[in-house]
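The structure appears right after this line, and notes come after that.
The values are calculated or read from the model by the stated rules, or taken from the named source; none is laboratory data. Owing to the predicted nature of the structure, the values given are computational and were not obtained by experimental measurement. All accessible areas refer to the heavy atoms of the entire protein, side chains included, with ligands and DNA or RNA removed. Shrake-Rupley method; radii C 1.70, N 1.55, O 1.52, S 1.80 Å.
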Amino acid sequence: MKNYRRTIIYSIIASVVLYLAFSIYADIDKVIDALSKFSLLLIPAIFGLVFANYIFRFFKWHYYLGLIDVKIGAWESFLIFEWIHVERYPRKDGRGAKIFSFEGENWSLGK
C-alpha cells in the first residue's frame, strides 16, 4: 500500500506542477478567473456521471454478450469487463488487480 501512496502523491505533485506551468504559459490571470467561477458543488456530479457511464457501459457489454449467445452470469461478465478495462491501461498495479479478480474462478475459454 505504501507504493500506491507514494505513486499517488508523486502523480498529484506532477499534475499540479504541470498545471501551473501551463497556466503561466497561457495566461495566469484568465486561469485564476476561470477557477474562481468554478463551483465545487459540481465535483460530486462529475464523479457521479463518470461512474454512471461505466455502469452503462457494463450493461451494454452484458447485453451484447447475450446477443451473441454467450451465457455467463452477471458477476462473471463484470469480471471480464473489469479485466478488459484494466488491460486497457496496462500498469503494474492494474495487472496485479487483474490477478486477484480472477482468483478462484473456474472458467473455460470455449463455449
Using the Cα gyration tensor of region 1-48, with a ≥ b ≥ c the square roots of its eigenvalues, what is the shape: rounded (a/c below 1.5), prolate (a/b larger than b/c) or oblate (neither)?
oblate
With a 1.4 Å probe and every protein chain left in place, tell me how much accessible area residue 40 has, in Å² to the nearest 10.
130
Solvent-accessible area of residue 56, probe 1.4 Å, all protein chains present, reported in Å² to the nearest ten, please.
130
